[in-house]
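Down below is the structure, laid out as C-alpha cells.
Every read-out reported here was derived from the displayed coordinates using simple, explicitly stated rules and does not represent laboratory data. As the structure is a computational prediction, the values presented were derived from the model and not from experiment. Using ideal geometry, Cβ is built from the backbone for each residue, glycine included, and neighbour counts are taken over all protein chains shown.
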Amino acid sequence: MDSVAVAQEAAPASSEPIAETTPLPAVVVETQQAAKPKIKAKKKSKSASAAAQPEQSAPQQQQQPTGPGNSNASDKSAYGPVRDYSAKNTATGTKTDTPLSEVPQSISVVGAEQIRDQGAQTAQDALRYTAGVTADAYGLDSRVDGSFIRGTTAAEYLDGMRRTLGSYTNNYRIDPFFLERIEVLRGPASVLYGQASVGGIINSVSKRPQTEEGGEISVEYGTFDFKQVKFDMTGPITSDKKWSYRLTGMARDADTQVDYVEDDRYAIQPAITYRPDGNTTITVLGHFQKDHTGSTQQFWPHVGTIFPNASGNYIAQNRFVGEPDDKYDTNVASGTLLVEHKFNEVFKLQHSSRYADIHNVYNTTYPGFFANSASLPVPDYIDPAETQMYRIKTIQSADTQIFNQDTNLQAKFKTGVLEHRVLGGVDYTYYNENSRLGQALNTTPFDVYNPTYGSGEFLIGYTCDLDLVIGLTEVAVCDQPEQQITQTGLYVQDQLRLGNWIAVLGMRKDWLENDTEGSVLQKDDATTYRAGLMYEFGFGLTPYVSYAESFTPVTGTTAPARGATPFKPREGRMYEAGIKYQPNGTSFMINASVYDINETNRTTTDPQYPLYSAQIAEAAIKGFEIEAAGKLTQNLKAIAAYSYTQAEYAGETANAGNQIESMPKHLASLWGIYSFDQAYLKGWSVGAGVRYIGASWDSTNTLETPAVTLFDAMVAYEEDNWRWSINAKNLEDKEYLTTCLARGDCFLGQARTITTGITYKY
C-alpha cells in the first residue's frame, strides 16, 4: 500500500520535479470540451544613455484599446506595457531596468496586449507561442500552472520573488488578467534568484497604479458554460498625483471539458502607489483569490488512451473517474510592498517583499493502478473487456505561508573608460507548510465506459497508526510532518560597458535549511556564477556569449549502507551563444540562441539498493531557438518561434541516452494579427495561429506520443470605447494526448474552446 501514498505525489507539480527520473510539472488549461479520443500509438539607444535614463517603478498600462490609463503609458519601463508584441526593457534578467538587447541571455516577454489578443485565460495559455517553452507538457490541469523550459520544470516568480515552492497541493494559479507581462528567462538564474531550475524561470509582473485616469469592464461567455466578468480601473487619488490607485478584479463561473469539474474563481487585486517626490515610489499591492474547481487530470492508463481497449474503444475526453463531490479549492491572501528610492545620480535603493497565506483542500479520486505493488497487486483493469477498474480516494489539505524579501542597492559610475552599473543585494525566503493526508484503495468496480457514481465504497488503507485495514468505513486523514524552508542569498552583479562592448558579471552565495518534523535538519549552501559578453553593432545587431550556473536542493538521504548521507543540491551550468537583432527604428526583434546545458546530482533508483535513491543521474540538454516578434507593417504584428531541444538523461542511470520524457525535440508556432484600415472595414482585426508540438517519448524511449498541429483564431471589432472579440483554440477540435509516461498514465490535450466577450473602456 505504500505506493498508494505516493501515487498523487508522483503527479505533476507546479515548480519542482517530484522525482528526478520523471519530473512532472502541474499544467493548467482553461475551460474545455468533451470528445472521444481516437489517438493511436505510432535599439534603440546605446546602453550608456539607456542606463542613465530614470527607471519607472510605477509603469503605465497599454495604449488603446488594451487597458486603462493608456494615453501616457510608457513601454520603455521593465514593469510597463509591451506594445505590438515587442518589449523594450526587462528587469528579470538583471534585476535592473535594462534594455532586452543588453542582457546576454535568452528572454521572451509576453505582454497584456498579446494575452488579450490570444484570449489567454491562464498563464500557461499565454506561453504557447514562446520559444523554448513546452506550455502544455502535461495537458489539461485545472489546479495549477506549470511549463517546461528547455526540458526542465520552470520555477515561478511574481514581481521578482519566488511565488511557489511546493507542488499542486500548496499552490495557486494567478490569472493573467492581473498581470502586465509574463517574462521567460531561459537558462540558469540562480545568481539572481537562488534555487531555480537549470532550464529557466517564469517571472510575472503585476499591474500597478497609474497617474492617468482609465478603466475597463468586460463580460465574456464561452464553451463549457464559461461566464466571466472582469474590471480594471486606475488613476490618481489626489490632485497632485502623489497618490494613485489601481483596482483589478474578476468573477468566473465555468465548467470544464471534464464532467463534474468546475472552474470558478473570485479574485480582486487592490493597489496604491505613493510618490512623495520624483525620486521615491512606494507601492502596496494586495491579492485575494478564492477558487473552486476539481482535478481535470484523470491519469488515464495507456489502454483506453494511446491504445484501444479489448473492444477497440477509447475513453471519452469528458469522462470523470472521480466522484461528483471531489474538489480542489484554494483561498489565497497576499500583500506585496515595492519601494524604490533614488538618492542621487549614482545610488538607488530597491526593496520588494511579500507575504502570502495559501489554503488548499484537495479531495480527489483517480485510477487505482497507481497502488500496484508486490504486496497489493492492482492491474489497470480488473475485467477481460478492460472497462472496469479500482480507484484511489485521496483527501488532503494544506496551510502554507510564504514570506519573501529582496533588498538591493544599485550604483552607476565610471572607472576610467569603463561604465558600471553595480548591483548588490540580499534576499530571503521563508516557507512553512502544515498539511493532512489520507488515501485508500476503493475496490468497488468502476466502469469507465458506463460510469455509475455514488455506488458505495469498499476501502483498503492505512490508519494514522499505520495499521493496514481491509474494509475501512472512511479514509483516515492524518497530520503530516510540518515543513519549514528558509533561504538566504547574497548577490553582486556588475553591468559594464566599454564603447560597443557590454559585459555582465555576477556571483551569489546561498544558505538553505529544510526542517521537516521528525527528520534530520538538512542544510545546504551553494555559490553560483554568471558571465556574459556582447557587442552592439550600430545597425541593431547584438551577438553575445554567456555562462551561468544553477542549484536546486534535493531532500532525502542515501541508503543506510551508503551512510544515509543527505543528498547534495542538483548543480547545473549552461553555455549559450546568440544574437539579438532589432532593425533601427522598428518595433520588431529577432532573437536566436544555441546552448549546452548539463545538470548533475539528479536522483534515480540506487542499482545496489533499489528501495533507495542515489545521485548518479545527470541531464544533458542541447538546443537551438529562434523567435521573432513585433510589428511587421502598420497593419500586421506577429510572433514566430521554433525550438529544437535534445534533452537526454546521462550519468549512471538505466535511462542514459534517452530523451527526457514529455519533452518534444521540435516545437514551432506562428501567430499574427491584421488590423484593417479601409473605410468599410475600419475597426476590424483578424488573427490566426498555428502550433506544432512534436512527438515525445516516455523515459524508457519505448512509448511515443504522436506529434500534433493545432490552430487558433480570433476576430475583433473596436469603435470608440467598445471592443468585441471572439477567440477559438484548437479550431479543429483535435483529440490528442500531450504525453504518456512509463509509470502507466497519459495526459489529455485541450479540446476546442471558444470564448467571446465585450469590453467597455473609459
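What to note about this one:
- Charge sum, other residues only, whose C-beta stays under 14 Å from Glu718's C-beta, Lys/Arg counted +1 and Asp/Glu -1: -2
- Phi angles of segment 343-353 translate, via the Karplus equation with coefficients 6.51, -1.76, 1.60 and θ = phi - 60°, into HN-Hα couplings of 6, 6, 6, 9, 9, 9, 9, 10, 9, 9, 8 Hz per residue; Gly and Pro are given as x.
- Backbone geometry of segment 466-477 corresponds, through the Karplus equation with coefficients 6.51, -1.76 and 1.60 at θ = phi - 60°, to 3J(HN,Hα) couplings of 6, 8, 7, 10, 9, x, 4, 8, 7, 5, 7, 9 Hz, x marking Gly and Pro.
- Stretched out straight at 0.36 nm per residue, the stretch from Asp596 to Asp264 would grow longer than its current Cα-Cα span by 115.3 nm.
- Whole-Å distance, taken between Cα centres, linking segment 639-661 and segment 599-635: 6
- Computed [θ] at 222 nm, helices only, for the chain once each DSSP H run of length n ≥ 4 contributes -39500 (n - 2.57): -500 deg cm²/dmol
- Alpha-carbon centroid distance for the pair segment 507-524 / segment 101-124, whole angstrom: 34
- Computed over neighbours whose Cβ is under 14 Å from that of Pro664, the net charge equals -2, Lys and Arg +1, Asp and Glu -1.
- Panel order for His351, His302, by other beta carbons found within 10 Å of each beta carbon, from fewest to most: His351, His302.
- Highest average packing first - 233-243, 278-288, 78-88, Cβ atoms within 10 Å: 78-88, 278-288, 233-243
- At R0 = 56 Å, FRET efficiency that the Cβ-Cβ distance of Asp447 and Tyr760 yields, to 0.05: 0.70
- In segment 302-398, the convex hull through the Cα atoms has an average projected area of 12.2 nm², a quarter of its surface area.
- Peptides 293-301, 605-613, 523-531, 313-321 ordered by average Cβ neighbours within 10 Å, highest first: 293-301, 313-321, 523-531, 605-613
- Proxy reagent accessibility, fewest Cβ within 10 Å first, across Cys464, Cys746: Cys464, Cys746
- Sites Tyr245 and Ala577 - FRET efficiency at Förster radius 45 Å, r taken between beta-carbons, to 0.05: 0.50
- FRET efficiency for the pair Leu632 and Gln401, taken as 1/(1 + (r/R0)^6) with r the Cβ-Cβ distance and R0 = 51 Å, rounds to 0.60.
- Taking amide H as placed 1.01 Å from N in the peptide plane, Thr256 has its amide H under 5 Å from the amide H of Gln32, Val261, each at least 5 places away in sequence or on another chain.
- Trypsin sites (Lys or Arg not before Pro) within segment 625-667, DSSP loop, no more than 14 other Cβ atoms inside 10 Å: none
- Label-point gap, in nm, between Phe343 and Ser375 - each point 7 angstrom along Cα→Cβ: 6.3
- For segment 363-466, the calculated P(r) over all alpha carbon pairs, in 10 Å bins from 0 to the bin holding the longest distance, is 12, 26, 17, 12, 10, 10, 9, 4, 0 percent.
- Available extension along the chain between Ile217 and Leu498 is 96.3 nm, counting 0.36 nm per residue and deducting the alpha carbon span.
- Label zone of Asp225 (point 7 Å out along Cα→Cβ, amide N under 16 Å): in segment 270-301 this covers 292-294.
- Arranged from fewest to most other beta-carbon atoms within 10 Å of their beta carbon, Ser685, Ser101 become Ser685, Ser101.
- Whole-Hz couplings from phi, Karplus 6.51/-1.76/1.60, listed for segment 370-386; x for Gly and Pro: 5, 7, 4, 7, 5, 7, 9, x, 10, x, 4, 10, 10, 10, x, 6, 6
- Put simply, the convex hull of the Cα atoms in the chain casts, on average, a shadow of 30.9 nm².
- In segment 438-518, the GluC sites (Glu not before Pro) that fall in loop regions by DSSP, at most 14 other Cβ within 10 Å: Glu474, Glu482, Glu517
- Surrounding net charge for Gly132, when Lys and Arg each add one and Asp and Glu each subtract one, Cβ distance under 10 Å: 0
- Segment 529-553 and segment 217-289 have their alpha-carbon centroids 36 Å apart.
- Above-threshold pairs, the threshold being 21 Å between Cα atoms, out of Lys95/Lys622; Lys230/Lys682; Lys76/Lys761; Lys76/Lys622; Lys242/Lys290; Lys88/Lys637: Lys95/Lys622; Lys230/Lys682; Lys76/Lys761; Lys76/Lys622; Lys242/Lys290
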